[in-house]
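The values are calculated or read from the model by the stated rules, or taken from the named source; none is laboratory data. Since the model is a prediction, treat every value here as computed from it, not as a measurement. Quick reminder, even Gly has a Cβ in these numbers, built from the backbone with ideal geometry, and neighbours come from all protein chains shown.
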Amino acid sequence: MRRLATALGALAATALLSLALPGTASAANGQLFIAPDTTIRNPSGCYEAPVFPLILRNQTNASALVHDGANCTGRVIAVVPPGGRTTQEFGRSVSIK
C-alpha cells in the first residue's frame, strides 16, 4: 500500500509539473524575404542583411524588427508588421519570433 501511495504521489507531481511549465517557443508562420534573394520559411531568430540597403518583406504572422547593428544588436530602427515591407538604409539585421 505504501508503494502504491508513493507511485501515485510521483505521478501526480509529474502531472502538475508538466502543466506548470510553459510551452516551447514557435517560429512565425509564413515567409520573410530579405532582398536580393533570401527567403526564410517560418523564421525564428536573427538574420543578417546580405546587402545594403536592407529591403524586407514580411509575409508572416509576426512583426519583424530591423536592427542597426549586426547580430540583432543596437537600436531597433523599424518594426515591420505582418504583410508589411520596408527599405532601411542603415538596417544590418532582422529579428523575428
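I'd like to know if the stretch 25-37 contains one or more residues that are of a type in the set (Ser, Thr, Tyr) and either in a strand (DSSP E or B) or modelled with pLDDT under 55 (or both). Before you say what the answer is, go through the steps one by one.
The first filter runs over the stretch 25-37 and keeps only residues of a type in the set (Ser, Thr, Tyr), leaving 26.
Now narrow it down to the ones that are either in a strand (DSSP E or B) or modelled with pLDDT under 55 (or both): none.
No: zero hits.
For first residues located in the stretch 76-87 and without any contact (Cβ under 8 Å) to a residue 40 or more places away in the chain, partners that are assigned to a loop (DSSP other than H, G, I, E, B) and surrounded by 12 or more Cβ atoms within 10 Å (Cβ to Cβ) and lie 6+ apart or on another chain with Cβ distances below 6 Å form the pairs ILE77/ASP68; VAL79/SER63; PRO81/SER63; THR87/PRO53.
Of all residues in the stretch 43-72, how many are of a type outside the set (S, T, N, Q) and assigned to a strand (DSSP E or B)? Before you say what the answer is, go through the steps one by one.
Residues of the stretch 43-72 that are of a type outside the set (S, T, N, Q), as a first pass: 43, 45-57, 62, 64-70, 72.
Keeping just the survivors that are assigned to a strand (DSSP E or B) gives 45-48, 54-57, 64-67.
Number of matching residues: 12.
Out of all the residues in the stretch 78-97, which are more than 17 Å from VAL51 (Cβ to Cβ) and either surrounded by fewer than 19 Cβ atoms within 10 Å (Cβ to Cβ) or touching a Lys or Arg at 6+ places or on another chain (Cβ under 7 Å) (or both)? Even if it seems obvious, please write down each step before you answer.
Taking the stretch 78-97 as the starting set, the residues that turn out to be more than 17 Å from VAL51 (Cβ to Cβ) are 79-84, 95-97.
Matches in the stretch 78-97: VAL79, PRO81, PRO82, GLY83, GLY84, SER95, LYS97.
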